[in-house]
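The values are calculated or read from the model by the stated rules, or taken from the named source; none is laboratory data. Computed from a predicted structure; not experimentally measured. Virtual Cβ from ideal backbone geometry, glycine too; neighbours counted across all protein chains shown. Calculation scope for accessible area: heavy atoms of the full protein, side chains included, ligands and nucleic acids excluded. Shrake-Rupley method; radii C 1.70, N 1.55, O 1.52, S 1.80 Å.
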Amino acid sequence: MPGGAGHGRGGGIRGGRRSYRPLGGRTRGERRAGSPSPSLPAGPASLGAMFCRSAGRALRALALLQLQPPARAAPLTARGPAACYGTSITSAKIQVNGVHLHYQQTGEGSHAVLLLPGMLGSGETDFGPQLKSMNKQLFTVVAWDPRGYGKSIPPSRDFPPDFFERDAKDAVDLMQALKFKKFSLLGWSDGGITALIAAAKYPNLIHKLVVWGANASVTQEDVRIYNGIRDVSKWSEKVKKPLEELYGHKYFAETCEAWVDGISRFAENSDGNICQQLLPDIKCPTFIIHGEKDPLVPQAHAEYIHKHIKGSRLLLMPEGKHNLHLRFAKDFNREVEDFLR
């Protein structure tokens, strides 16, 4: 799914409570939110942000589905930014599977976490608030640029039938090359699909898994949505400019078209399959987050992933769109850190 860079805006929780219930039927727990926190400065624009121009609104509620017995949590209170230790972010390249992959790394915690970006995305453009604000004492955070994206060029990006599997192997082998024996995955959009595949195929290496804006199949409706973003000349200047500066117009436009063609081919498979058959093989604790206003990924995709990964948790964000981790960065980081602990 499309990722790319995105606006980094904040939204805050001002109290409320969360209830946990079984998935049965469509029962949901609700968290009520109050007034919004001040916005964070906007960062580079994203494909998701094409459809996410409204800003500064907080979450009205958070609906949580999970396959666990009923329980109640204590009321939530607003928190400040996560504590940061060793805030420097290093940038380097390392040779993996015949290509030189670029990555950024920050933090000194014992829990290693890999951030996987979306289409046309990179660690720098897609995960600014996570690199800056995730707890540096608890986590060592690595954000990578998949081959053909960001600063992992050359090679040029292409989309063979197994490009998600190729990215999954590159991601895992990158972390192994960096000497991390076990690590967690945070995957957005295309990066979420890659993370699902990596967790299924390399279960002994993956500690925990968080995905959002991801899908395990492609429907004809998805293809229609993808074709709606094929022509980058129709994108807003606010969205186009950072990507054109990163890639140049020609590479940016041609790669977007190639992505639409590449991912649309999955719709020709039985049930539009990308990685549906792998979901039951995911054994690590899994947290699925979905924005109910995501214009690029229908909610049914998140519900399907949740249903087919045993014991997984699903968090629905009623005000969330495709770039929910940027627009509501503080809330997203808090939820994810609580899950990873």
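Some notes on this structure:
- Solvent-accessible area per residue, Å², over the stretch 278-341 with all protein chains present [probe radius 1.4 Å]: 30
- Exceeding the 22 Å Cα-Cα cut-off - candidates Lys240/Lys321; Lys93/Lys321; Lys93/Lys182; Lys238/Lys321; Lys169/Lys283: Lys93/Lys321
- Protein heavy-atom surface of the stretch 75-211, 1.4 angstrom probe: 52% of the accessible area is carbon and sulfur, with nucleic acids and ligands not counted.
- Note on the stretch 209-341: antiparallel DSSP beta bridges, both residues inside, total approximately 10 percent of the bridges counted.
- Computed FRET value (nearest 0.05) for Gln137 with Lys310, which takes r as the C-beta separation and R₀ as 30 Å: 0.40
- With the simple model of a label 7 Å out from the Cα in the direction of the Cβ, Asp271 to Ser88 spans 5.0 nm.
- Solvent exposure of Thr140, expressed as accessible area, is near 10 Å², computed with a probe of 1.4 Å over the protein chains only.
- Solvent accessible area, Å² - Leu326, 1.4 Å probe, full protein context: 0
- Its convex hull of Cα atoms gives the stretch 245-331 a direction-averaged projected area, equal to a quarter of the hull surface, of 7.6 nm².
- A full extension of the chain between Asp338 and Asp261 corresponds to an added length of 23.9 nm, given 0.36 nm per residue minus the alpha carbon distance.
- Accessible-area order (highest first, 1.4 angstrom probe) of the listed residues Ile153, Ile305: Ile153, Ile305
- Once C-alpha pairs closer than 8 Å and six or more residues apart are averaged by separation and normalised to the residue number of the stretch 240-341, the relative contact order reads 22 percent.
- Ranking of Lys240, Lys330, Lys283, Lys182 by solvent-accessible surface, largest first: Lys283, Lys182, Lys330, Lys240 (1.4 Å probe, protein heavy atoms only, all chains present).
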